[in-house]
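Visitor: Pasting a structure below so you can have a look.
The values are calculated or read from the model by the stated rules, or taken from the named source; none is laboratory data. Every value quoted in this text rests on a predicted model; they were computed, and no experiment measured them. Neighbour counts run over all protein chains shown; Cβ positions are idealised from the backbone, glycine included. All accessible areas refer to the heavy atoms of the entire protein, side chains included, with ligands and DNA or RNA removed. Shrake-Rupley method; radii C 1.70, N 1.55, O 1.52, S 1.80 Å.
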Amino acid sequence: MASSIIFILLFLGGAVFFTINARKVRRNILLGKEINRTDKFSERVKIMSLVALGQKKMFERPIPAILHLFLYVAFVITQIELIEIIMDGSIGSHRMFRASLGGFYTFMVSFIEILSVLAFIGTIAFLARRNLLKVPRLVKNELNGWPKLDANLILISELTLICFIFMMNGADEVLYSQGLSHAANLGDGSLGLSISSHLGPMLFGGMSPEALHMIERIGWWGHLVMVLGFLNYLPYSKHFHILLAFPNVFYSNLEPKGKFTNMESVTNEVKAIFDPSFVPPIVDPNTPMRFGAKDVTDLSWKQLLDSYTCTECGRCTSACPANITGKLLSPRKIMMDTRDRLQEVGKNMDTNKGEFKEDGKSLLGDYITPEELWACTSCNACVQECPVNIDPLSIIMDMRRFMVMEQSSAPTELNGMFTNIENNGAPWQFSQADRLNWKNE
Amino acid sequence: MSENQQLIVPTMADYMAKGESPEILFWVGCAGSFDDRAKKITKAIVKILNHANVKFAVLGTEESCTGDPAKRAGNEFLFQMQAMTNITVLNGYEVKRIVTGCPHCFNTLKNEYPALGGNYEVVHHTQLLQELLDSGRIKIEGGSFKGKKITFHDPCYLGRANDVYEAPRSVMINLDAELLEMKRSKANGLCCGAGGAQMFKEAEKGNKEVNIERSEEALALNPDVIAVGCPFCNTMMTDGVKHFNKENTVKVLDVAELIAQAKDL
Ligand code: SF4
Ligand code: SF4
C-alpha cells in the first residue's frame, strides 16, 4: 500500500514536471516567426517514416547507424514494459500480464532483454568512440564542457538502466525457481527469460531470499527512477531529439535545397519601385520590421525547433568545407548557439513573469560571430548530412541578411560586388554593353 | 579567329525582328560573358548548339546578373531588383525554356524566379547535352578522350541544391573514357569553395583553401581530366591544379568542352 502511494506520487510528479518543462520548450519554439510547413501532408508523413522512424540518413555511415539502431529499438520497445511497471506499481501486483499473456509475455520480455544486451554493447561502443577513439567530430571544441558531459551522462545512465533491468529480472528468475517470486506461479519452474534465466543464477545464485528480494526491488525501482529521471532530463539535453526528431522531420523543407526564401517584405518594396500603382499590404506598426535575423526571435519556429532537435552528432560539421579547412564556422555550433540563446531568452521570460526583459545580448555577436557566418559557401553539405533534417544554412543566410541589410557590415569586397551588380549588371567591373563581346573575340 | 567566325549567336531581339521565336534561350551568365576562361565554355556550348542545329538565342546586352551572388551574400534587396529586371525582359520576349551555362544561374532562375513572376522551364547545359545525345541530335563515338581518366566534380548548385547528378555523368559516358568517382561525390561532394559569394571575397582565416582540399582529392585519382559543370568550380579547380604544379598533365574542362573537343568542333 505504502509503496503504491510512493509510486503514484513519484510517477505523477515526474509526469507533471516533464509537462511543465516541455511546455516551456514549446513556448520558446513558438517565439519564432510564422512559416507554413503544413502543406503536402502525405509527403511529410512519408519523409518522417523514412528519415525519423526508418533512420534512412543514419545509414550513410553504417557502423554508428547499427549501434544507434540497437539503442533506438531498445528504447522504443522497452516502453512497452513500462505499461506493466505502471500497473504493478499502482496496484501492487507483480508481473501482472504474465499469467494472462502467457507465452507472448515471455517472448516480449525476452525480446526486450536481447535488445537491452545489444543496447549495452552499443552504449559501450559509443562511450569508447567519444572517450577512447576520439572520433574527430565527437571531440571538437564546441563540445567542451556541458555538451561533452551531457553525452557521457546519457550513455552512463543508459548503462545503469540496463543494469537495473537485469537486476530486476535476474533476481526474480532465481526467486521463481525457488518458488519464492511474487509473480504468479505457473508451475513451470522458470520465468523463461532469454537472458536472465541464465544470467540470474550466474550472478545471484546462492543468495538468501531476502537479498534476492532486495536486489529485485532495487532493480524495479531503479528502472522506474531512471526512466522518469531520463524523461525529465530530456528538455535540458541534446537527447531531446528522441522525441523532437519526429515533428522536426515532418516539418522538413520539401523544396529543392538550392531554393532560398524570397523575403516578402523585400518583394513588397521592390514591387512598389517597379510598379508605382502597387499597394503593399498593410503591416502592423507594432511589429518592428527587421530584415534578416539578429536574434532567435527573428528566426522561424522551424529554425528554433531545429535547434532543440539537434543531436550534436557533428555530421554537418564533418562535411562542412569551411570547417574542414580550419575556418571558425561549424554548422553544429550554429545550432547549439541558437538553442543556448533561446534557452537564455526563455529563462529571462520565466524570471520576468513571461515578458522578455531586454538583456543587451543577441544571437549575432554574443554567440555567433560574423567571421563564422562569412565563411559559409552555402554548399548545403550540412543540410544534406543532417540525420534529422536540420537546416543550419538557413540560419546563416538569415543572419547574413541582417548584417548586409540592417548593419551594412558586409566585407568590403562584397560591397564592391554589390555596387558592380547595381551599376553594370555583373559582379565585376564590366559594362553591360560588352556582354556579347565574347562572340567576336 | 577562323573558328569563331563559324559561331552563330542570334539574340532574342534578332528573332523578335523576324517575328520568330527560338526553341530555347541560352542564358550565358556573367562568368560566361566576361571571364576569359569561362568564355571558352560559352563558345563550346554554342558550337554544340550550332552543330545540333538547335534554334537558340541569347539576350546579349539585355542579360543582367541573376542576382545569385547578391542573394547568397545576404543582399536580398539587390537580388530581387535584379530578378525583377530580368523577369521583365524575359517575359517581354515570352521566353518559355532556358538553358544556362552555370549552375548558379540555373538554380536561381529555376527556383527563385517563379515566386517573383518568372516561370520558365530551366535546364542546366549538361541536361540539355544529355537531351541532345538521347534524341540523336548529336552523336559521339569515343573521340579524343577515349580511354582517358576523367573525374567529375559535382557543383553544389547542380547536385545537392537540385539533385542533378546523372546528367553530366551520362553525357560523359559517350566519351568512352574511364570515369572515376572521388570519395566525396554526388550528394556527398565537397564544395570547390566559390559558392555563397566566396568567389568575390578573401576566404576567412583557416589552415587551407577549400579548392586545395578539393583539388588534392581529385588529383589523388591521377586523372587526365577533372571535369566540371560550373565556371566558378572551373576557376577554383584550375587554381588548385596549378597549386600542385599539375597543369601540364591534368586538364580542368567543362563537360561542354569535353563534348565539343571530342567532336572536334
Ligand atoms: S552550407 Fe555553409 S555551413 Fe553548411 S556545410 Fe556548406 S559551408 Fe558549411
Ligand atoms: S545539425 Fe544535424 S548533423 Fe549537425 S550536429 Fe545537429 S543533428 Fe547532427
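Visitor: Among the residues of the range A:304-321 satisfying the criterion of being within 14 Å of ligand 1 (Cβ to nearest atom) and in a helix (DSSP H, G or I), which is surrounded by the fewest Cβ atoms within 10 Å (Cβ to Cβ)?
Guide: A:Ser318
Visitor: What are the residues in the range A:346-384 that are open to solvent by 30 Å² or more (accessible area, probe 1.4 Å) and of a type in the set (D, E, K, R), if any?
Guide: Passing the criteria: A:Lys347, A:Asp350, A:Lys353, A:Glu355, A:Lys357, A:Glu358, A:Asp359, A:Lys361, A:Asp366, A:Glu371.
Visitor: Given (1) away from ligand 2 (no atom under 16 Å from the Cβ); (2) within 14 Å of chain B (Cβ to nearest Cβ); (3) in contact with an Asp or Glu (Cβ under 9 Å, 6 or more places away or on another chain); (4) not hydroxyl-bearing (Ser, Thr, Tyr), where does A:Glu264 come up short, assuming only one miss?
Guide: Exception for A:Glu264: condition (3).
Visitor: Sticking with this one: Considering only the range A:330-344, I want to know if a residue exists there that is surrounded by 21 or more Cβ atoms within 10 Å (Cβ to Cβ), over 24 Å from A:Pro247 (Cα atoms), outside the structural domain of A:Lys148 (by TED's automatic domain parsing) and within 14 Å of ligand 2 (Cβ to nearest atom).
Guide: Yes: one or more hits.
Visitor: Can I ask one more? Taking the range A:373-404 on its own, how many of its residues are under 22 Å from B:Phe232 (Cα atoms) and more than 8 Å from ligand 1 (Cβ to nearest atom)?
Guide: The number of residues fulfilling the criteria is 5.
Visitor: Part of a helix (DSSP H, G or I) and either acidic (Asp, Glu) or open to solvent by less than 50 Å² (accessible area, probe 1.4 Å) (or both), is that true of A:Leu393?
Guide: The answer is yes for A:Leu393.
Visitor: Please work out which one of (1) farther than 30 Å from A:Lys56 by Cα; (2) away from ligand 1 (no atom under 15 Å from the Cβ); (3) within 25 Å of the chain's Cα centre (by Cα) is the condition A:Lys357 fails and give its number.
Guide: Single failed check for A:Lys357: (3).
Visitor: Is there a residue in the range B:121-128 that is outside any helix (DSSP H, G or I) and farther than 30 Å from B:Phe77 by Cα?
Guide: no
Visitor: Could you tell me which residue of the range A:324-333 is nearest to ligand 1 (Cβ to nearest atom), considering only residues that are in a helix (DSSP H, G or I) and over 17 Å from A:Trp146 (Cβ atoms)?
Guide: Among them, the one singled out is A:Pro331.
Visitor: Would you check which residues across the range A:366-390 are more than 8 Å from chain B (Cβ to nearest Cβ) and either without any contact (Cβ under 8 Å) to a residue 24 or more places away in the chain or part of a loop (DSSP other than H, G, I, E, B) (or both) and list them?
Guide: A:Thr369, A:Cys386, A:Pro387, A:Val388, A:Asn389, A:Ile390
Visitor: Checking the condition facing another protein chain (nearest Cβ under 7 Å), under 30 Å from A:Glu406 (Cβ atoms) and at pLDDT 95 or above, which residue from B:Ser64, B:Ser33 passes?
Guide: Result: B:Ser64 is the single residue among B:Ser64, B:Ser33 that is facing another protein chain (nearest Cβ under 7 Å), under 30 Å from A:Glu406 (Cβ atoms) and at pLDDT 95 or above.
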